[in-house]
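Novice: Sharing a structure below in structure tokens format, with a few things to ask.
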Amino acid sequence: MNRRQRSAASRTAVAALAAAVAVTVTVALAQTPPGTTGDARRSGYHDMGPALRAMQDDDSANPAMLWVRDGEALWNRRLGAAAKACADCHGSAASMAGVAARYPAFDAQLGRPVSLEERINLCRTDRQKAEALAGGSRELLALSAYVALQSRGRPIAPPDDERLRSYVAAGEALFKRRLGQLNLSCAQCHDDNGGRRLGGALIPQAHPTAYPIYRLEWQGLGSLKRRLRGCLVGVRAEPFADDAPEYVSLELFLMRRARGMTLEAPGVRP
Amino acid sequence: MRTARLLAAIATPAVIAAVPAGHAQEAPRPYVVVGDAIPASLTGQSGDAARGRAIVADRQVGLCLLCHAGPFPEARLPGNLAPPLDGAGARWSAGQLRLRIVDAARLNPDTIMPPYYRTTGLQRVAPSFAGKPILSAAQIEDVVAFLATLKH
């Protein structure tokens with residue numbers, strides 16, 4: 001399919017799902033995530049044009065809702081050697097409210113922080129006795145989106161966990177480190193030049209308010225890790241390995257940098 | 001339409017990385033800094049302003065328009081992270097332009113201007129770019145020759 005056909009197919013699918021999604025999504029939320037008065041921080045949502053903001057705001061138009069629907073099915077599907085569904089332990093997904101707003105979290109058994117995606121996979125391997133889902137796979141994105149949706153409208157609220165401190169510091173240092181042939185740090189673009197334009201693209205402040213996001217450039221749903229990898233490639237740096245601790249450290253730092261901002265997941269971005 | 005244009009613009013950073021950096025294959029040659037300039041040509045020869053203009057305008061090779069505007073009526077949506085290139089040839093000598101392209105961090109350690117002719121002191125450079133400058137010596141001379149013509 002070419003892009004137009006894909007887009008048309010996707011629109012048809014979205015329309016067909018509208019009714020089902022409208023029933024399943026019961027979380028009440030403000031249609032426009034508000035910025036806090038006197039707070040210079042700005043979600044990338046506010047940098048988008050009205051058409052994309054409307055696409056995110058309308059669950060029957062937000063393509064990420066296709067993944068959410070899959071995530072809901074997965075939540076209730078018994079699988080693995082334990083023949084357990086997420087719902088068998090957690091009950092309704094509503095029990096996940098607030099979880100995406102506070103992750104990554106420290107895992108005492110592993111002795112290190114884990115992202116929400118990793119937590120989902122730990123449940124699969126430890127509780128369901130099933131194989132871990134591949135990073136970036138449709139199933140993992142679908143479950144992440146479904147869980148994240150339960151926190152939509154809530155403020156980002158990372159815990160003050162002493163055990164996370166060194167990882168947050170590592171993430172902040174990485175944010176400020178120049179990388180790649182173009183020799184740029186995250187901070188130089190997103191702290192120092194957020195709101196300016198790199199070519200035609202507006203540089204956002206890089207607050208992780210809406211992950212996983214449906215990104216038009218991707219024609220699909222993607223994680224924060226995928227977005228970070230894109231920036232690394234953009235400055236001509238070698239991306240970190242998929243399981244590298246740098247990603248969770250950066251995410252820990254970014255969530256603290258965005259503390260109090262409204263979670264909009266699953267969002268839409270250009 | 002609007003979305004398509006936006007997409008094309010946003011996709012730019014990924015495109016930068018996907019396209020090999022022109023002819024910048026050789027390791028940098030030594031050069032001499034005098035004051036805030038590199039007075040001598042990196043190649044020993046004068047560059048070609050027309051080729052230089054093409055390099056500056058090409059967002060996969062020179063990358064310049066991602067940050068700088070300039071006298072490029074055909075260019076869509078230049079960036080605004082750095083001063084426009086208009087008048088660069090009036091503000092700076094060829095030698096001053098050369099150093100600012102080669103390694104602007106020598107003048108301002110905090111600059112966001114990438115070091116176009118430095119391969120040391122960089123971290124995690126992608127293997128396909130490792131050990132190579134962003135532009136070759138000949139390409140930089142072409143760009144210097146072009147920028148020197150921008151008197152207004």
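Novice: Which residues, counting only those in region A:169-187, are surrounded by fewer than 18 Cβ atoms within 10 Å (Cβ to Cβ) and either part of a loop (DSSP other than H, G, I, E, B) or within 11 Å of chain B (Cβ to nearest Cβ) (or both)?
Specialist: Within region A:169-187, A:Lys176, A:Arg177, A:Ala187 qualify.
Novice: Looking at B:Gly121, B:Gly89, B:Gly79, can you tell me which residue is among the small types (Gly, Ala, Ser), within 9 Å of chain A (Cβ to nearest Cβ), out of contact with any Asp or Glu (no Cβ under 7 Å at 6 or more places or on another chain) and farther than 21 Å from B:Arg29 by Cα?
Specialist: Details: B:Gly121 fails: farther than 21 Å from B:Arg29 by Cα; B:Gly89 fails: within 9 Å of chain A (Cβ to nearest Cβ).
After ruling out the rest, the residue left standing is B:Gly79.
Novice: A further question follows. Given the criteria part of a loop (DSSP other than H, G, I, E, B), within 13 Å of another protein chain (Cβ to nearest Cβ), crowded, with 19+ Cβ neighbours inside 10 Å and modelled with pLDDT of 95 or more, does A:Pro204 qualify? Please lay out each step first, then the result.
Specialist: On the way: part of a loop (DSSP other than H, G, I, E, B): yes; within 13 Å of another protein chain (Cβ to nearest Cβ): yes; crowded, with 19+ Cβ neighbours inside 10 Å: yes; modelled with pLDDT of 95 or more: yes.
In short, yes.
Novice: Any chance region B:26-37 includes a residue that's surrounded by fewer than 20 Cβ atoms within 10 Å (Cβ to Cβ) and within 15 Å of the chain's Cα centre (by Cα)? Walk me through it before giving the result.
Specialist: First, pick out the residues of region B:26-37 that are surrounded by fewer than 20 Cβ atoms within 10 Å (Cβ to Cβ): B:26-27, B:29-37.
Still in the running and within 15 Å of the chain's Cα centre (by Cα): none.
Checking region B:26-37: not a single residue is surrounded by fewer than 20 Cβ atoms within 10 Å (Cβ to Cβ) and within 15 Å of the chain's Cα centre (by Cα).
Novice: Kindly provide the set of residues from region B:110-130 that are of a type in the set (Gly, Ala, Ser) and surrounded by 14 or more Cβ atoms within 10 Å (Cβ to Cβ), ordered by number.
Specialist: B:Ala126
Novice: I would also like to ask the following. So which residues in region A:110-142 are farther than 21 Å from A:Glu72 by Cβ and basic (Lys, Arg), if there are any at all?
Specialist: A:Arg112, A:Lys129
Novice: Inside region A:151-168, can you point out the residues that are part of a loop (DSSP other than H, G, I, E, B) and either loosely packed, with under 14 Cβ neighbours inside 10 Å or not acidic (Asp, Glu) (or both)? Spell out how you get there, then give the answer.
Specialist: Narrowing region A:151-168 to residues part of a loop (DSSP other than H, G, I, E, B): A:151-154, A:156-161.
Those that are part of a loop (DSSP other than H, G, I, E, B) and either loosely packed, with under 14 Cβ neighbours inside 10 Å or not acidic (Asp, Glu) (or both): A:Ser151, A:Arg152, A:Gly153, A:Arg154, A:Ile156, A:Ala157, A:Pro158, A:Pro159, A:Asp160.
Novice: Among what's in region A:129-149 and is surrounded by fewer than 21 Cβ atoms within 10 Å (Cβ to Cβ), in contact (Cβ under 8 Å) with a residue 40 or more places away in the chain and not charged (D, E, K, R), pick the residue that is nearest to the other protein chains (Cβ to nearest Cβ).
Specialist: A:Gly136
Novice: Given the condition under 16 Å from the mean Cα position of the chain (by Cα) and within 11 Å of another protein chain (Cβ to nearest Cβ), answer yes or no: does some residue in region A:234-251 qualify?
Specialist: Checked region A:234-251: no residue is under 16 Å from the mean Cα position of the chain (by Cα) and within 11 Å of another protein chain (Cβ to nearest Cβ).
Novice: Quick one: is B:Thr149 more than 19 Å from A:Cys186 (Cα to Cα), in a loop (DSSP other than H, G, I, E, B), within 14 Å of chain A (Cβ to nearest Cβ) and not acidic (Asp, Glu)?
Specialist: No; evaluated as a whole, the condition is false for this residue.
The values are calculated or read from the model by the stated rules, or taken from the named source; none is laboratory data. In this text, all values refer to a predicted model and were calculated from it rather than measured experimentally. Cβ sites come from the backbone with ideal geometry, for glycine too, and all protein chains shown count toward neighbours.
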